[in-house]
Amino acid sequence: MPRLTVIAIGGNSLIRDEQHKSVRDQYEAVVETSRHIAGIVQQGYNVVITHGNGPQVGFILLRSEIAEKVAGLHPVPLDSCGADTQGAIGYQIQQALHNEFLQRGIDRQAVTVVTQVLVDQHDPAFQNPSKPVGSFYTKEEIDQKVAQEGWTVAEDAGRGWRRVVPSPMPVAIVELDAIKHLTEANFVVIAAGGGGIPVVRNNEGLLEGVAAVIDKDYATSLLATNLEADLFVISTAVEKVCVNYRKPDERGVDRMTVSEAKAYAEQGQFAKGSMLPKIKAAIAFLERGGQQALITNPESLERALAGDTGTRIVRG
């Protein structure tokens, strides 16, 4: 049985739909996911958790923009938004797990590590910003932002204009040693939220935050590798990875090898903005020496670890 499991929980674990986006709604969603994670811990697994933060960063950016207009307050930089959301979401997961452990009689504690993730300042992504962040704007509004803030912008599927920022690949987890020590001390660790706070080393070798977004699943894959995890789990909106998704011949895949996953990807089976990065993150983990990766939804976590559902990806 795999013992150290790194679990990436997606946005659906925090915000169920457009009608349930308040902080209280998010906490209730976290409570539900935490029940399943506690069930895994109860089975004897040691767990490290990462999470998404896209909508929450968007909320902070919108509040910041309104506060700047109304009260002249300073805007919140994107890297600070990442730090803020790691703390807030980590707090929710910590509390939900604490209560669940208490009710189940599990003698464990959860702790959050606000995590910086190093990226290469020469990563090609910095020359080609592509990740939308924040609110939608009219053309007139976005032109003003470009003139005043120097933003790179893009039109978003007919819904309006948005700021786009680089999405560089993660290179190293800065707080890795702290996460390792806490894991070895039997803590359930919440780390690298939102893909981590992106930082670069300046010419003096010192860390500096940058306005970028690291893909959560790629960062979690790297963290799982560095921790020598037995299993890398990606929790998402579907119970199994499907081929021919939303077509009459849609089929859920129980198991695939790395070679099969690559072939499906080349066929265009996985959407670029959703399943494809998850598949690529799983492949990267396995190719760096990992044993197994698993993709499923939050409510199926315990059954998936038992082998009853989900999509398991293995070497080969």
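The values are calculated or read from the model by the stated rules, or taken from the named source; none is laboratory data. All values derive from a computational prediction rather than experimental measurement. With ideal geometry, Cβ positions are generated from the backbone for all residues, glycine too; neighbour counts draw on all protein chains shown.
Structure notes:
- Meets criteria (assigned to a helix (DSSP H, G or I), in contact with a Gly (Cβ under 8 Å, 6 or more places away or on another chain) and either touching a residue at least 24 places away in the same chain (Cβ under 8 Å) or surrounded by fewer than 17 Cβ atoms within 10 Å (Cβ to Cβ) (or both)) for D84: no
- Members of region 142-185 that are under 20 Å from the mean Cα position of the chain (by Cα) and in contact (Cβ under 8 Å) with a residue 60 or more places away in the chain: V165, E175, A178, I179, T183
- Within region 265-289, the only residue that satisfies the criterion of being more than 23 Å from the chain's Cα centre (by Cα) and assigned to a helix (DSSP H, G or I) is E266.
- With respect to the conditions (1) surrounded by fewer than 16 Cβ atoms within 10 Å (Cβ to Cβ); (2) among the hydroxyl-bearing types (S, T, Y); (3) in contact (Cβ under 8 Å) with a residue 24 or more places away in the chain, T138 falls short on a single one, namely (3).
- Filtered by the rule that a residue be over 16 Å from V243 (Cβ atoms), modelled with pLDDT of 95 or more, surrounded by fewer than 18 Cβ atoms within 10 Å (Cβ to Cβ) and not charged (D, E, K, R), region 264-290 gives a lone residue, G289.
Yes/no per residue for (1) outside any helix (DSSP H, G or I); (2) surrounded by 15 or more Cβ atoms within 10 Å (Cβ to Cβ):
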{"residue": "E65", "(1), (2)": "no, yes"}
{"residue": "I93", "(1), (2)": "no, yes"}
{"residue": "Q148", "(1), (2)": "no, no"}
{"residue": "A157", "(1), (2)": "yes, no"}
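- Elements of type strands (runs of 3 or more DSSP E) contained in region 188-253, each with 1 or more residues being at negative phi and surrounded by 19 or more Cβ atoms within 10 Å (Cβ to Cβ): 188-191, 197-201, 231-235, 241-243
- Scan region 97-111 for residues that are buried (at least 21 other Cβ atoms within 10 Å of the Cβ) and either closer than 12 Å to I190 by Cα or free of Cβ contacts under 8 Å to residues at least 40 places away in the same chain (or both) and the total you get is 2.
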